[in-house]
Amino acid sequence: MSDLTIDFFDELGGKAQKRLDELKAKGEEIPKDLQGLQSTLQYRDRLVLAKKVGFDAIFYQAPAVIIFHSPVQTSTPKDNCMIASTTLGLLARTMGLETTYIGLFEAAAKGCQPLIDELGLPPGHQVFSVLIIGYPKLKFIKTVDRKPIKTRWE
């Protein structure tokens, strides 16, 4: 699924680059929606390079990927999935696990037909949030300097 995601953004970036080159060759102004893509095209190159050398630049070799999907025809499908994924992320921390959102996969799952087919979601469902989860390689001390608590028991 990681490779399909990278292939999707590679193809999308190729189309955007072609359009940018055409506009520059004609001396036309670049539309605002394409201006933002110029900086992301460099990121596309890094994704493709990572895939070539065998590095998983989408899921980062996480042991588990959790995909939150919902029927599109509900009142707030994105909100429901975000609440569920946030709750799960908070719960995971209580068990020593860490999570992070994978927005690139979420975006690709909406527009990449081979990826949609691979997911095999029920008809009418769409991906609205994606988390990777696992035990962190590094542990950080998470304390904040505070004044001692003054407690009085009666």
Assertion target for MET82, MET1, MET95, ordered by fewest C-beta neighbours within 10 angstrom first, is MET95, MET82, MET1
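Is the stretch 54-121 best put as rounded, prolate or oblate by its Cα gyration tensor, with a ≥ b ≥ c the root eigenvalues, rounded for a/c under 1.5, and otherwise prolate when a/b is larger than b/c, oblate when not? Provide the component values of the computation, followed by the final result.
Numbers: a/c = 2.46, a/b = 1.10, b/c = 2.25.
Oblate.
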Convex hull around the C-alpha positions of the stretch 91-154: the volume in Å³ per residue is 190
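Mind ordering 144-152, 65-73, 6-14, 52-60 by average Cβ neighbours within 10 Å, highest first?
6-14, 65-73, 52-60, 144-152
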A correct fewest-to-most ranking of ILE141, ILE116 by other Cβ atoms within 10 Å would be ILE141, ILE116
Computed Rg/Rh for the chain (Cα atoms; Rh = Kirkwood radius) stands at 1.12
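Every number in this text was worked out from the coordinates using simple rules, so none of it is lab data. All values derive from a computational prediction rather than experimental measurement. Don't worry about glycine lacking a Cβ; one is built from the backbone with ideal geometry, like all the others, and counts go over all protein chains shown.
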